[in-house]
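Undergrad: Pasting a structure below so you can have a look.
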Amino acid sequence: MTAAREVSEAAERRDVRNRWYLTAPALIIIMLAAIGPLFIMVVYSFLGKGDYGGVTAAFSTDAWFGVLLERDIFDDTLGFADAHMIIFWRSVRLAGVTTILTLLLGFPTAYFITTRPEKQRDIWLFLVTIPFWTNLLIRTFAIQELIRRDGIINNVLTGLGIVDEPLQMLNTDFAIGLGMVYVYLPLMVLPIYASMEKLDFRMVEAGYDLYAGRLAVLRRIIIPLVKPGIIAGSILVFIPALGAYVAPALLGGGRNMMISNLISLQFGQGRNWPLGAALSITLMAIVMVALLVYVRNASRSSARAH
Amino acid sequence: MVSAAAVEAKNVTKIFGVGQDGVRALDRVSVTIRENEFFTLLGPSGCGKTTLLRLIAGFDFPTEGEILLYGQDIAPLPPYKRPVNTVFQNYSLFPHMTVGQNIGFGLEMLGKPKAEVDARVTEMLRLVRMEELRNRKTSQISGGQQQRVALARALAPQPKVLLLDEPLSALDYKLRKDMQIELKRLQNETGITFIFVTHDQEEALTMSDRIAVMSKGHILQVGSPREIYDHPAERFVANFIGETNFLKGDVAGIAGGKADVRLAGGTAVAATLPEGFAPNGGVTVVIRPEHAQVAPAGGRATLNGTVENVVYFGTDTHIHLRLDEGGEFIVRQQNSRDRPVTVVQGDKAGVLIGDNVAQVLRD
């Protein structure tokens, strides 16, 4: 009896140990690649700034004050760093708009793919992923080529006499929106498709049978049932869109600075690494708060929708 | 009393796919379903019964022909504009809603005020005896309960016709029996026309007012369970419903709707003819095993043979005979203390066939 228990306990201990061995590589990678840099960022944000970049080994909270406050270069008074706030808000707004636009485009796309015959679906999914094949920078330059003043679209439009003057598309908000939607659309389509593929379309028939028209079926049955996909897609788009760098710089003409531009500036010409680190952590905090609010709202509204 | 026609299908053809690949699921089907009746579409899978149901519901549209609901052609109407509700085979309850929300959904979509919806949901829950489960999620109730919610959901908007697509097939035997009685009760209480699709002949016989037996896109015979069982007109119907003995014979004469059929063994039986069918020459006659009796060989026996097998079933015993003229014949005899089965394997025995039990097939 006791011998049997000893054997089984030994086996259990061995199991636990083996589990640790097996997960160790993944844990080490997570520690080194995710938590390590984060830790360094936190430490840097509390150090003094070096004159030529880098940090000095002295504790300082200047960087954190610098996120919110700025010293006037003429009279040295402290003022509210509204430029930082404007930049943060601009990035959040761009990410939000991108999420909404990709959702508006991605949902019908996912629905279209789901309702194709099974053999065709793979082809459509394959087409959706094609943009991933090329480097982001190259794709963005390609968009530039399409929409610039004497680009392909303007040439065609003026050639056909549809417009007299070439349209100003590059370096506008439209261009940024176009670039963002183009880049992030697959990240919205794929999770929604994954959810929708599991949707039992007999539910849709049941809805029609119970006097729900097309819109009511969409609102009351399809959307609640694919909500996990919508949430996942929105998160996948919103987070990277918040840190978008290339599209605003190349398509928006870089006139409007985004958070990521601001941060990269601190590590580059600004030579203020602690401020860059503090701004990065602030960005992360914004993402986390936004996600918490979003997920809470989404799950609450699905509980309320009866 | 003949009630009004609730649903009429007129020469309905449904072809899935196009051209050469097209599958003819229904082929010029015409049938009239009366008001307030429990009408069953019975047939094996692929016979077109579910297709016909889906055409009535509006999920598919007929390739040809028309479907009338109380005289009105409903073919152009989408399902959400037809006063018809469906109980789905897998129930298709909405998983993101509670039991009560599921039942109220149809009324809500019809724009009924909340108070009315709530009252009706309460009434429906009482009807299917599930009052206490109103606020449960549909994933938290058993299969039988889901079945009842699906029924309540479909009945709540008071449809003119209720369509039931094999609703009992997912339930175990005992529950299925209970639900059969429950369904019959609900139909009586609500007075709604039920169109029930099943492949289970026993279910069809016990519940229906009338049955349409379907095969390969055609309706072969429509009639009351008794007509279908006692007087099958087609070989398929006789075979599909219950056990049957088939005997070959020749028509010797016809009188008063009955044929005098001379069997291969030389004896004659009086057999009922299908309506409007007057054959001459060779026909097939069917006799249900329980309509025949085992008797001593020779004498009054219509058929003679050797007992091959005696199988005891509790309530009755099956006696398998090899006929002298060839072929097999099964007699089912109810077990009773007074009249026990006495024949054993190898015995010579005869079969008595009454005047009113043989039926001529239309083939």
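Undergrad: Averaged over B:74-81, how many beta carbons belonging to a partner chain fall within 10 Å of each residue's beta carbon?
TA: Mean shielding count: 3.
Undergrad: May I ask for the net charge around B:S169, where only other residues with Cβ less than 12 Å from the Cβ of B:S169 are counted and Lys, Arg are +1 while Asp, Glu are -1?
TA: Overall, the nearby charge balance is -4.
Undergrad: Obtain the radius of gyration and the Kirkwood radius of region A:1-130 from its C-alpha atoms and give Rg over Rh.
TA: Here Rg/Rh amounts to 1.25.
Undergrad: Mind sorting B:T306, B:T206 by how few other Cβ atoms lie within 10 Å of their own Cβ, fewest first?
TA: Ascending number of Cβ neighbours within 10 Å: B:T206, B:T306.
Undergrad: Sort out for me the Cα centre separation of region B:137-184 from region B:200-216, rounded to whole Å.
TA: When both Cα centres are located, 18 Å separates them.
Undergrad: Oh, and also: With everything on Cα atoms, drop me the angle between helix B:143-155 and the longest principal axis of chain B, reported from 0 to 90° to the nearest 10.
TA: 70 degrees
Undergrad: Once you list every other residue whose beta carbon is under 14 Å from the beta carbon of B:N335, what net charge do they have if Lys and Arg are +1 and Asp and Glu are -1?
TA: Neighbourhood net charge equals 0.
Undergrad: Report, ordered by chain and residue number, the lysines lying within cross-link reach of B:K174, taken as a straight Cα distance under 17 Å and ignoring same-chain residues fewer than 8 apart.
TA: B:K184
Undergrad: If every alpha-carbon in chain B counts as one equal scatterer, what log10 I(q)/I(0) does Debye give at q = 0.06, 0.07, 0.10, 0.13 1/Å?
TA: Debye output, listed in q order: -0.30, -0.40, -0.75, -1.04.
Undergrad: What's the exposure ranking of A:W64, A:W273, going from fewest to most Cβ atoms within 10 Å?
TA: Final ranking by Cβ density, sparse to dense: A:W64, A:W273.
Undergrad: Given the pairs B:K81/B:K114; A:K119/B:K81; B:K112/B:K160; B:K10/B:K49, which span a C-alpha to C-alpha distance of over 26 angstrom in this model?
TA: A:K119/B:K81
Undergrad: For chain B, what relative contact order do you get, as a whole percent, if you take Cα pairs closer than 8 Å and at least 6 residues apart?
TA: Reported as a whole number, the value is 15 percent.
Undergrad: Check B:A268: other-chain or 5+ apart residues with amide H under 5 Å from its amide H, H built from backbone geometry?
TA: Counting only residues 5 or more places away or on other chains, the set is B:L263.
Undergrad: Hey, got a sec? Which trypsin sites (Lys or Arg not before Pro) in region A:169-254 land in a DSSP loop and have at most 16 other Cβ atoms within 10 Å?
TA: A:K198
Undergrad: Something else: Ranking B:D347, A:D122 by Cβ neighbours within 10 Å, fewest first, what do you get?
TA: By the 10 Å Cβ count, ascending: A:D122, B:D347.
Undergrad: Less than 15 Å Cβ to Cβ from B:G298, Lys/Arg counted +1 and Asp/Glu -1: what total charge do the surrounding residues give?
TA: Its environment carries a net charge of -1.
Undergrad: Can I ask one more? Can you list the aspartates and glutamates whose alpha carbon sits under 16 Å from that of B:K348, skipping same-chain ones fewer than 8 residues off?
TA: B:E308, B:D324, B:E325, B:E328
Undergrad: Which chymotrypsin sites (Phe, Trp or Tyr not before Pro) in region B:70-159 sit in a loop by DSSP (not H, G, I, E or B) and have at most 15 other Cβ atoms within 10 Å of their own Cβ?
TA: Sparse-neighbourhood loop chymotrypsin sites (Phe, Trp or Tyr not before Pro): B:Y70.
Undergrad: If you don't mind, there's one more thing I want to ask. List the trypsin sites (Lys or Arg not before Pro) in region B:275-348 that DSSP assigns to loop (not H, G, I, E or B) and whose Cβ has at most 11 other Cβ atoms within 10 Å. Which are they?
TA: Of the trypsin sites (Lys or Arg not before Pro), the ones in loops of region B:275-348 whose Cβ has at most 11 other Cβ atoms within 10 Å are B:R300, B:R337.
Undergrad: Is there a simple number for the mean count of other chain Cβ atoms within 10 Å of the Cβ of residues in B:90-97, and what is it?
TA: Across B:90-97, the average partner-chain Cβ count within 10 Å equals 6.
Undergrad: Using the charge dipole of chain B (Lys, Arg: +1 at Cβ; Asp, Glu: -1 at Cβ; taken about the Cα centre), state which of B:Q146, B:L107, B:V351 has its Cα farthest towards the positive end.
TA: B:L107
Undergrad: Ignore the peptide's own chain and count Cβ atoms of other chains within 10 Å of each Cβ in A:198-204; give me the average, rounded.
TA: 3
Undergrad: Report, in deg cm²/dmol and to the nearest 500, the calculated mean residue ellipticity at 222 nm for the protein assembly as shown, where each DSSP H run with n ≥ 4 adds -39500 (n - 2.57) and the sum is divided by the residue count.
TA: Helices in the protein assembly as shown give a 222 nm mean residue ellipticity of -14000 deg cm²/dmol.
Here, each number is a calculation from the coordinates, and none is a lab measurement. The shown structure was predicted, so the numbers you read here are calculated from the model rather than taken from an experiment. In this analysis, Cβ positions are derived from the backbone assuming ideal geometry, glycine residues included, and neighbour counts consider all displayed protein chains.
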